[in-house]
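The values are calculated or read from the model by the stated rules, or taken from the named source; none is laboratory data. These numbers were taken from a predicted model, which means no experiment stands behind them. So basically every Cβ, Gly included, is an ideal-geometry build from the backbone, and we count neighbours across all protein chains shown. Remember, those area values only see protein heavy atoms, side chains included, never the ligands or the DNA or RNA. Shrake-Rupley method; radii C 1.70, N 1.55, O 1.52, S 1.80 Å.
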Amino acid sequence: MTKKTRTIKVDYLARVEGEGALYIKIKDDVVQDVKLKIFEPPRFFEAFLQGRDFREAPDITARICGICPVAYQMSAIHAMENALGIQLEGPLREIRRLMYCGEWIESHVLHIYMLHAPDFLGYEDAVRMAKDHKEIVERGLQLKKIGNEIVSLVGGREIHPINARVGGFYKVFAKTEFDGLKERLKWARDAALETVRWTAQLPFPEFEQDYEFVALRHPEEYPFNEGRLVSNRGLDIAVADYENHFVEEHVEHSNALHSVLKERDSYFVGPMARYNLNFERLSPLAQEAALESGLGRECNNPFKSIVVRSVEVLYACDEALRILESYEKPDRPHIDLEPRESVGYSCTEAPRGILYHRYSIDAQGRILNARIVPPTSQNQKTIENDLWKFVPKFLDLPEEKLTWQCEQAIRNYDPCISCATHFLKLDLERV
Amino acid sequence: MAGKKKPKVAVWKFASCDGCQLSLLDCEDELLAVAEAIEIANFPEASRAVVKGPYDLSLVEGSITTPHDEERIHQVRRSSKFLVTIGACATAGGIQALRNFKDVQDFVSIVYATPDYIDTLAKSSAISDHVRVDFELRGCPINKYQLVEVVSAYLKDRKPVTPAHSVCVECKRRGTVCVMVSQGTLCMGPVVHAGCGAICPAYDRGCYGCFGPKETPNTESLSEWFKDHGMGNEELVRAYRSFNAYATPFRKESERHD
């Protein structure tokens with residue numbers, strides 16, 4: 001290669017949720033600068049939550065993200081219940097897990113089939129991919145639909161569901177009302193198994209990295225709403241200790257705030273973190289499918305996150321079926337709660353990783369302040385680190401191909417910039 | 001349109017949660033058929049391919065909150081034959097319009113450690129405050145079937161059928177017993193625009209106004225009714241100030257009790 005300065009620019013990242021750009025500067029075959037830029041406008045959720053009633057937090061914070069509203073509702077609800085000192089058990093707790101299964105299926109399948117797979121197969125998008133692989137795209141759409149169907153039935157509608165509330169639900173269902181869904185979930189479980197097999201044979205660049213993975217860990221279950229925060233490098237804390245261990249940092253090479261572990265540095269949240277830290281808590285079927293596909297118990301190649309997502313879709317279908325098999329209608333849809341002056345914490349596993357909420361409320365139940373840390377903010381530094389290491393390996397590629405590969409490397413994380421933005425600093429400098 | 005060039009459709013995002021444009025991808029049964037009938041010329045959330053304008057139809061999600069977006073919406077308008085706003089953000093400023101009732105600089109410093117980096121407008125405003133809009137589709141989020149209806153209507157040069165009556169009519173149609181009358185559950189249905197299919201009352205919950213004000217809403221009367229049932233001013237203000245807080249009838253009604 002001749003010695004020269006090259007820049008890789010993507011002014012508007014496609015197939016991610018929200019508005020971001022990429023800028024990489026290479027001089028004499030050495031990467032000089034990597035910036036994942038965020039120009040999504042800020043919306044100030046933490047600010048206007050102040051003064052709102054504690055029962056409004058789930059419906060307001062859902063509007064941070066149209067792709068993972070259930071995650072926001074679950075984190076908000078569990079934080080408020082934590083503040084009021086209650087923990088739901090039995091079928092109400094199970095319906096929450098069921099709802100989260102729906103969101104994982106819907107969000108993961110969207111990413112697998114429509115946002116990520118086209119990169120591996122060289123298509124601009126899933127519609128173009130469907131011209132050559134119609135059956136595959138249709139399988140993806142129908143599988144995604146089952147996820148939406150769970151959220152719609154339990155939550156009232158797929159985007160910004162209306163049924164979940166602090167203390168439980170507005171309405172709960174009789175066992176028989178789930179009969180139709182159960183049948184379709186059996187198809188979905190088979191389709192998910194096919195998805196694992198299909199994604200496992202996609203072409204993956206060699207890119208094993210040494211990461212610190214952070215996820216929830218529950219004593220028995222693959223995590224959704226509860227557990228301790230753990231990592232593969234010894235982190236093991238209660239959710240309420242989150243802010244003692246994680247900070248936002250201003251780094252020189254970027255104008256965005258990055259979330260890092262105080263003791264160490266960047267970390268990795270999301271499906272790969274959950275998988276690596278909770279493999280043995282997956283259902284036997286999901287474990288078996290993962291091993292059969294050649295994934296192994298540990299995965300350190302972010303390009304393979306598409307397989308891990310597929311394993312989680314399979315788990316979510318399996319878990320949803322387990323919940324429906326043993327489901328009995330709860331005696332009452334919710335328990336009534338009286339506010340008190342308190343602080344509540346929660347972390348739940350959004351499709352893209354841990355979503356932290358903290359609220360303090362007054363004796364009348366008014367929110368005094370709120371803190372929300374979405375998964376994409378936490379992964380941002382890791383995404384940039386990947387690009388620092390990835391680009392030098394592929395410098396011989398033509399410009400267009402290298403740019404596309406960098407985009408794919410970002411999409412490994414299924415970044416949701418809409419979520420991240422109320423937290424990230426706005427950078428209007430155009431590249 | 002058969003045999004002719006496919007109509008070009010573009011999707012644009014401003015300040016929003018991405019949920020309304022996701023509705024398009026949530027049309028799992030219709031998506032591939034729709035993609036046969038139109039050319040998806042600009043839809044970054046779904047495709048890295050971009051086809052240059054002009055566009056036959058632009059779907060605009062999100063509200064205007066930055067100086068840059070204030071400029072960008074004019075470019076979108078110039079390159080679009082029809083411009084349809086999708087959702088409460090684009091149509092009424094969205095939940096982020098709650099800043100309009102406060103000093104935005106206070107908001108910036110609550111959320112961001114270094115407020116001077118933030119370049120934001122004092123108000124979150126609807127698309128129609130900036131450019132001519134051909135049609136506004138309501139909802140937080142929009143109803144995906146209404147979206148398909150609006151897209152097909154514009155591509156066939158007809159008016160979309162999306163009734164502007166209240167949620168109450170949808171409850172009657174659905175056969176849902178009135179939650180306000182039968183359970184005393186406070187419900188905004190009488191003043192809220194139809195479109196969601198009256199989901200909340202069917203789930204034993206009062207309507208909380210995702211679709212914004214219906215045409216000629218009698219908010220004053222509803223507020224009196226709420227007060228008689230024990231709602232205080234603070235709660236009344238909050239009820240009107242959510243996802244459509246800056247839609248004129250809701251803004252005025254909330255200001256009466258503030």
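Values for this structure:
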item	result
Any hit, the stretch A:265-287, residues being over 26 Å from A:Gly66 (Cβ atoms), of a type in the set (Gly, Ala, Ser), open to solvent by less than 10 Å² (accessible area, probe 1.4 Å) and not in a loop (DSSP other than H, G, I, E, B)	yes
Subset of the stretch A:114-128 [open to solvent by 10 Å² or more (accessible area, probe 1.4 Å), within 10 Å of chain B (Cβ to nearest Cβ) and of a type in the set (A, V, I, L, M)]	A:Met114, A:Val127
Pair list, Cβ under 8 Å, 6 or more apart: the stretch A:157-181 residue over 24 Å from A:Ala57 (Cα atoms) and more than 9 Å from chain B (Cβ to nearest Cβ), other residue of a type in the set (Asp, Glu) and not in a loop (DSSP other than H, G, I, E, B)	A:Leu181/A:Glu149
Residue list for the stretch A:129-144, restricted to those being free of Cβ contacts under 8 Å to residues at least 24 places away in the same chain and open to solvent by 30 Å² or more (accessible area, probe 1.4 Å)	A:Lys131, A:Asp132, A:His133, A:Lys134, A:Glu135, A:Glu138
Looking only at the stretch A:53-66, and only at residues there that are surrounded by fewer than 24 Cβ atoms within 10 Å (Cβ to Cβ) and of a type outside the set (Val, Ile, Thr), the one that is farthest from A:Pro415 (Cα to Cα)	A:Asp53
Failed item, numbered, when A:Glu338 is tested on (1) assigned to a loop (DSSP other than H, G, I, E, B); (2) under 25 Å from A:Tyr222 (Cβ atoms)	(2)
Residue count for the stretch A:169-207, restricted to those that are hydroxyl-bearing (Ser, Thr, Tyr) and touching a Phe, Trp or Tyr at 6+ places or on another chain (Cβ under 7 Å)	1
Residues of the stretch A:156-172 satisfying the condition of being over 19 Å from the mean Cα position of the chain (by Cα) and either in a loop (DSSP other than H, G, I, E, B) or surrounded by 23 or more Cβ atoms within 10 Å (Cβ to Cβ) (or both)	A:Gly156, A:Arg157, A:Ile162, A:Asn163, A:Ala164, A:Val166, A:Gly167, A:Gly168, A:Phe169, A:Tyr170, A:Lys171, A:Val172
A:Asp362 open to solvent by 10 Å² or more (accessible area, probe 1.4 Å), touching a Leu at 6+ places or on another chain (Cβ under 7 Å) and more than 24 Å from A:Arg93 (Cβ to Cβ)	yes
Members of the stretch B:18-51 found to be more than 19 Å from B:Val76 (Cβ to Cβ), in contact with a Cys (Cβ under 8 Å, 6 or more places away or on another chain) and facing chain A (nearest Cβ under 7 Å), listed by number	B:Gly19
Lone unmet requirement of (1) touching a strand residue (DSSP E or B) at 6+ places or on another chain (Cβ under 6 Å); (2) farther than 26 Å from A:Phe39 by Cβ for B:Val84	(2)
Every residue from the stretch B:5-25 that is surrounded by 23 or more Cβ atoms within 10 Å (Cβ to Cβ) and in a loop (DSSP other than H, G, I, E, B)	B:Phe14, B:Ser16, B:Cys17, B:Asp18
Output for the stretch B:26-54, where each listed residue is assigned to a strand (DSSP E or B), crowded, with 20+ Cβ neighbours inside 10 Å and free of Cβ contacts under 8 Å to residues at least 12 places away in the same chain	B:Ser47
Hits in the stretch B:204-237 (condition: within 10 Å of chain A (Cβ to nearest Cβ), more than 17 Å from the chain's Cα centre (by Cα) and under 22 Å from B:Thr176 (Cβ atoms))	B:Asp204, B:Arg205, B:Gly206
Of residues in the stretch B:223-247 being open to solvent by less than 10 Å² (accessible area, probe 1.4 Å) and hydrophobic (A, V, I, L, M, F, W, C), the one farthest from B:Asn100 (Cα to Cα)	B:Phe226
Search result, residues across the stretch A:131-145 that are in a helix (DSSP H, G or I), in contact with a Phe, Trp or Tyr (Cβ under 9 Å, 6 or more places away or on another chain) and not acidic (Asp, Glu)	A:Lys131, A:Ile136, A:Val137, A:Arg139, A:Gly140, A:Leu141, A:Gln142, A:Leu143, A:Lys144
The one condition in (1) among the aliphatic types (A, V, I, L, M); (2) more than 14 Å from chain B (Cβ to nearest Cβ); (3) over 30 Å from A:Tyr345 (Cα atoms) that A:Val214 fails to fulfil	(3)
One residue from A:Thr376, A:Thr382 being assigned to a helix (DSSP H, G or I), within 18 Å of A:Phe45 (Cα to Cα) and among the β-branched types (Val, Ile, Thr)	A:Thr376
Test: A:Val31 is open to solvent by 10 Å² or more (accessible area, probe 1.4 Å), within 14 Å of chain B (Cβ to nearest Cβ) and among the β-branched types (Val, Ile, Thr)	no
Hey, B:Lys123 assigned by TED's automatic domain parsing to the domain that holds B:Ala245 and among the charged types (D, E, K, R) or not	no
Extreme residue, modelled with the highest pLDDT, among residues of the stretch A:376-406 that are open to solvent by 10 Å² or more (accessible area, probe 1.4 Å) and charged (D, E, K, R)	A:Lys389
Selected residue (only one of A:Asp179, A:Asp210 is over 30 Å from A:Glu138 (Cβ atoms), modelled with pLDDT of 95 or more, open to solvent by 20 Å² or more (accessible area, probe 1.4 Å) and assigned by TED's automatic domain parsing to the domain that holds A:Ser107)	A:Asp210
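A quick yes/no check of all residues on (1) buried (at least 23 other Cβ atoms within 10 Å of the Cβ); (2) touching a strand residue (DSSP E or B) at 6+ places or on another chain (Cβ under 8 Å):
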site	(1), (2)
A:Gly51	no, yes
A:Cys68	yes, yes
A:Tyr72	yes, yes
A:His78	yes, yes
A:Arg93	no, no
A:Leu98	yes, no
A:His108	yes, no
A:Ile112	yes, no
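Residue by residue, here is whether (1) farther than 26 Å from A:Ile67 by Cβ; (2) modelled with pLDDT of 95 or more holds:
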residue: B:Arg158; (1), (2): yes, no
residue: B:Ser166; (1), (2): yes, yes
residue: B:Phe211; (1), (2): no, yes
residue: B:Asn218; (1), (2): yes, yes
residue: B:Leu222; (1), (2): yes, yes
